[in-house]
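Asker: Quick one: the structure is below, questions incoming.
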Amino acid sequence: MKKTLFNLVLLSSATWAAELQQESDLKFAFYSSAWGENTDDGLRLVANNQSTSDVVLKEVLFLKDSAASSDDVSVDVNLLIPAGAYADTEFDYIDLLADDECIERTMESNWRLAEISNYTLNPSVRNLIIEDTDSFRIYQCVETIITRWQVISDNEAAESAAAQPIEKEEWILFHFETRRL
């Protein structure tokens with residue numbers, strides 16, 4: 001009986017964890033040349049809608065400190081992303097790097113922030129051929145975000161408030177590369 005109960009608890013915990021990190025049909029990444037360069041260049045967002053419906057990415061909320069919501073950083077996006085397509089937009093610079101010990105420690109070392117995304121980055125994604133792995137490394141810091149988007153059906157305008165926004169808590173990965181010496 002105890003073994004069966006233990007197995008049920010273990011199975012339900014594994015299922016719950018898998019559901020939390022279920023792949024999203026909405027992939028996106030933030031880029032900025034300002035990271036590590038001490039400039040005030042803006043942010044660029046590139047999004048890929050892998051679903052069969054148009055969506056509007058409303059907001060990405062970076063949960064900087066769950067105890068103090070005033071530290072959270074909201075990026076109001078409002079970007080229409082057609083079904084099965086890419087879309088991009090640019091913003092004035094927003095500091096997405098503050099209040100995270102992993103990010104601060106990594107930026108102080110010999111690392112360069114390449115992108116912030118809700119998907120795992122590997123060199124093949126960025127069309128990199130790496131022959132000398134001693135000179136190139138990827139390092140990641142993780143934060144929790146809330147993504148809000150709205151599915152747009154054929155009979156709704158993109159501005160329609162009739163459809164309920166979808167909200168998903170997920171991870172965002174800060175992808176660092178070693179700097180060239």
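Asker: What are the pairs with Cβ atoms under 7 angstrom where one residue, in the range 160-172, is surrounded by 12 or more Cβ atoms within 10 Å (Cβ to Cβ) and the other, located anywhere, is of a type in the set (Asp, Glu) and modelled with pLDDT of 90 or more? Sequence gap at least six, or different chains.
Answerer: Cβ pairs passing all conditions: 172/143.
Asker: Where the second residue is modelled with pLDDT of 75 or more and assigned to a strand (DSSP E or B) and the first is over 22 Å from residue 102 (Cα atoms) and open to solvent by 40 Å² or more (accessible area, probe 1.4 Å) and lies in the range 130-154, which pairs have Cβ atoms under 6 Å and are six or more apart or on separate chains?
Answerer: 148/58; 148/59; 148/167; 151/55
Asker: A follow-up question, please. Testing residue 82 on (1) open to solvent by 20 Å² or more (accessible area, probe 1.4 Å); (2) at pLDDT 95 or above; (3) within 18 Å of residue 33 (Cβ to Cβ), one condition comes back false. Which one is that?
Answerer: Only one criterion is unmet by residue 82, namely (3).
Asker: Okay, next question. What number goes with the only condition from (1) in a loop (DSSP other than H, G, I, E, B); (2) touching a Phe, Trp or Tyr at 6+ places or on another chain (Cβ under 8 Å); (3) at pLDDT 80 or above that residue 116 does not pass?
Answerer: (1)
The values are calculated or read from the model by the stated rules, or taken from the named source; none is laboratory data. These numbers come from a predicted model, not from an experiment. FYI the Cβ positions are ideal-geometry reconstructions off the backbone, even for glycines, and counts take in every protein chain you see. Remember, those area values only see protein heavy atoms, side chains included, never the ligands or the DNA or RNA. Shrake-Rupley method; radii C 1.70, N 1.55, O 1.52, S 1.80 Å.
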